[in-house]
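So the structure is just underneath, and the comments pick up after that.
The values are calculated or read from the model by the stated rules, or taken from the named source; none is laboratory data. None of the values given here were measured: they were computed from a predicted structure. Neighbour counts are summed over all protein chains in view; Cβ atoms, including those assigned to glycine, are modelled from backbone coordinates with ideal geometry. The area values use the complete protein model at the heavy-atom level, side chains included, leaving out ligands, DNA and RNA. Shrake-Rupley method; radii C 1.70, N 1.55, O 1.52, S 1.80 Å.
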Amino acid sequence: MTDPNPCLGCGLCCTHFRVSFYWAEGDDAPGGYVPAHLTEKVNDFYRCMKGTGQAPRRCHALEGQVGESVACRIYEQRPSPCREFEVYLENGEPNPRCNELRLKAGLSPLEWAPMPSAA
């Protein structure tokens, strides 16, 4: 892919959603990988990323200026909701949730991603 990742110039999802996940994804549980010091307890079964539990939201792992240049400082250890949130759907259509946030923030909507052609 030659186009830059649009997430690196956005980051809005990290400031609008509570990032909740099963507690055992934390690195203080056997096999867990999410840095536990960046999480907080939601209930006996779930945690969320610090900064996303209540408004105003901004994940503590997000670095940079939203809408300009951002990065996740725990990208390789990010929780399952972050891994599962796709900027483009399987057919190349932009995620409608991304474009809704982008439009509200005054950013241009994402265009369809070109799908590779069959050989």
Solvent-accessible area per residue for the chain (1.4 angstrom probe, square angstrom): 66 Å²
Relative contact order (percent, whole number), the chain, Cα cutoff 8 Å, 6+ residue spacing: 25 percent
Ignoring everything except DSSP H segments at least 4 long, calculate the 222 nm mean residue ellipticity for the chain; use -39,500 (n - 2.57) per segment, divide by total residues, nearest 500. -3000 deg cm²/dmol
Amide H within-cut-off set for A61, under 5 Å, with H built and near neighbours excluded: none
Accessible-area composition of the range 18-82, carbon plus sulfur, in percent [1.4 Å probe]: 49 percent
Could you sort the peptides 73-82, 97-106 by per-residue average Cβ neighbour count (10 Å cutoff), highest mean leading? 73-82, 97-106
Taking the Cα of A105, stepping 7 Å toward and past its beta carbon, and measuring to each backbone N in the range 1-40: which are under 18 Å? 4-20
Among W23, P35, A55, the residue whose Cα sits farthest towards the positive end of the charge dipole of the range 12-58, when +1 is placed on the Cβ of each Lys and Arg and -1 on the Cβ of each Asp and Glu, is A55
Within the range 12-26, whose backbone N sits under 20 Å from a point 7 Å along Cα→Cβ of A55? 12-20
Identify unpaired cysteines across the chain, taking unpaired to mean no other cysteine Cβ lies under 4.7 Å from the residue's Cβ. C7, C10, C13, C48, C72, C82, C98
For Cα pairs less than 8 Å apart in space and 6+ apart in sequence, what is the mean separation divided by the residue count of the range 20-72, i.e. the relative contact order in percent? 23 percent
Student exercise, the range 68-110 dipole from Lys, Arg, Asp, Glu Cβ charges, in Debye to nearest 20: 200 debye
In debye, nearest 20: dipole of the chain around its Cα centre with unit charges on the Cβ of K, R (+) and D, E (-)? 440 debye
